[in-house]
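The values are calculated or read from the model by the stated rules, or taken from the named source; none is laboratory data. Owing to the predicted nature of the structure, the values given are computational and were not obtained by experimental measurement. All Cβ positions, glycine included, derive from the backbone under ideal geometry; neighbour counts span all protein chains shown. To get the accessible areas, we keep the full protein, side chains included, count just its heavy atoms, and leave off ligands, DNA and RNA. Shrake-Rupley method; radii C 1.70, N 1.55, O 1.52, S 1.80 Å.
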Amino acid sequence: MVGAGIAGLSAARLLAKGGHEVHVFEGAGDVGGRCATRQVEAFIFDTGATSIAPRAKMLEPVMLHELDTSELVRVEKPIYTHNALRVSPGDAMKMKTERYTYRSGNVVLPRLMAKGLNVTKRDQISGFEKSNWSYKIQGEEFDAVILCVPLPETARLLESVDEQRPIGHVHYRGCLSVLLGYDKEMPEVRYHALIDPEQRHPLTWLSIESVKCPGRAPEGQTAMVAQLSPQFTDMHYETEDGAIISATVEYIERLYGQAWGAPVAFDVKRWRYSQPENLALFDNVNYPSARLLIASDGLIGGRVEYAYEAGARAAKLLMNSS
């Protein structure tokens with residue numbers, strides 16, 4: 001297994017439950033991929049997926065019943081929209097979607113999924129080898145491999161074994177996540193997050209972490225994650241952090257007033273592959289007898305629950321062909 005994001009861990013758990021030996025290689029220092037959390041001073045921020053909405057998919061019984069729920073929190077307040085920073089209630093049906101988070105951050109979910117699995121971290125895989133009946137990764141031989149990384153990275157890995165799959169048309173948007181901590185409390189708001197549904201404003205998404213979930217900021221203080229548009233991200237991906245933070249704080253001031261112009265904690269997380277803009281079909285990319293499979297949110301959809309679905313489908317396909 002290459003990649004210990006939600007898709008990779010989903011596939012690994014099912015294969016391990018089925019009695020298969022599984023080794024997961026992860027390039028980062030933690031599991032979870034874009035289901036990630038960062039602490040800056042006393043503030044806790046979800047830098048990628050800011051909430052998890054299982055939507056009656058395969059993830060739901062796992063998250064709500066199989067895994068430890070002691071840190072699981074239901075997000076009570078809805079998502080509102082903004083048009084050029086003018087706030088209004090969101091779509092009534094979407095507001096009814098049940099969303100969850102974890103008190104210590106959404107990275108708790110992949111860490112729970114990874115328990116008991118053989119995961120090697122900080123092991124970046126740039127390629128692997130193929131023989132007649134097996135594959136070799138970092139000198140270790142495997143009967144089968146599932147690639148669970150964003151599709152542009154998958155394509156590069158496939159090149160190392162002279163394989164191609166119909167995934168070249170899938171493009172990902174980038175995202176700059178700006179983390180802001182304030183030493184003041186957010187006045188009462190009716191929402192936990194704002195979205196620009198037209199995707200025209202640089203501030204595409206704002207999650208007020210300390211409204212979303214208790215414990216994300218010290219008492220009487222506020223934590224926010226601002227996620228910036230693909231256009232802004234493309235223009236400023238290599239821009240230094242200070243300039244990105246300053247531009248973002250200007251948007252926060254326009255929303256909430258000049259008192260919000262001086263965060264006491266701040267950081268920037270850059271996502272090169274944030275979400276797929278379009279998809280490849282799972283069944284076109286993976287076929288029943290294959291021993292090299294692909295599991296990615298670029299096959300089903302750019303959400304946590306869809307990444308889980310992709311990993312589970314790949315694991316089941318592999319077990320059914322064994």
Self-check item: With DNA, RNA and ligands ignored, accessible area of Ser70 (1.4 Å probe; Å², nearest 10)
Solution: 90 Å²
Quiz item: Among Asp162, Asp283, Asp46, what's the order by accessible area (1.4 angstrom probe), most exposed first?
Solution: Asp162, Asp283, Asp46
Quiz item: With every protein chain in place, what's the accessible area of Trp205 (1.4 Å probe, Å², nearest 10)?
Solution: 30 Å²
Practice problem: Identify which of the listed values of semi-axes √(5λ) of the Cα gyration tensor in Å was calculated from the structure shown: (i) 36, 25, 18; (ii) 36, 20, 18; (iii) 72, 20, 13. | Solution: (ii)
Quiz item: Roughly speaking, what is the stretch gain from Glu188 to His20, that is 0.36 nm per residue apart minus the C-alpha to C-alpha distance, in nm to one decimal?
Solution: 55.4 nm
Quiz item: Going by a ≥ b ≥ c, the root eigenvalues of the Cα gyration tensor, does segment 113-157 fall in the rounded group (a/c under 1.5), the prolate group (a/b larger than b/c) or the oblate group?
Solution: oblate
Quiz item: Length gain on complete extension for the stretch Arg55 to Arg200, per 0.36 nm per residue less the alpha carbon to alpha carbon distance?
Solution: 49.5 nm
Quiz item: Which percent, to the nearest 5, of DSSP beta bridges fully inside the chain are antiparallel?
Solution: 75 percent
Quiz item: If one computes the Cα centroid of segment 114-182 and of segment 60-78, what distance in Å separates the two points?
Solution: 28 Å
Quiz prompt | Helix-only [θ]222 nm of the chain, DSSP H runs n ≥ 4, -39500 (n - 2.57) each, per residue, nearest 500 | solution = -7000 deg cm²/dmol
Self-check item: Loop-exposed GluC sites (Glu not before Pro) per DSSP, neighbour cap 10 Cβ within 10 angstrom, longest uninterrupted part of the chain
Solution: 77-187
Practice problem: Quick one: plug the Kirkwood hydrodynamic radius of segment 155-269 (C-alpha pairs) into Stokes-Einstein at 37 °C, 0.692 mPa s, and report D in µm²/s. | Solution: 208 µm²/s
Quiz item: In segment 19-70, which trypsin sites (Lys or Arg not before Pro) are in a loop and have at most 16 other Cβ atoms within 10 Å, using DSSP for the loop call?
Solution: Arg55
Self-check item: Degrees between helix 6-17 axis and first principal axis of the chain (Cα, 0 to 90, nearest 10)
Solution: 40 degrees
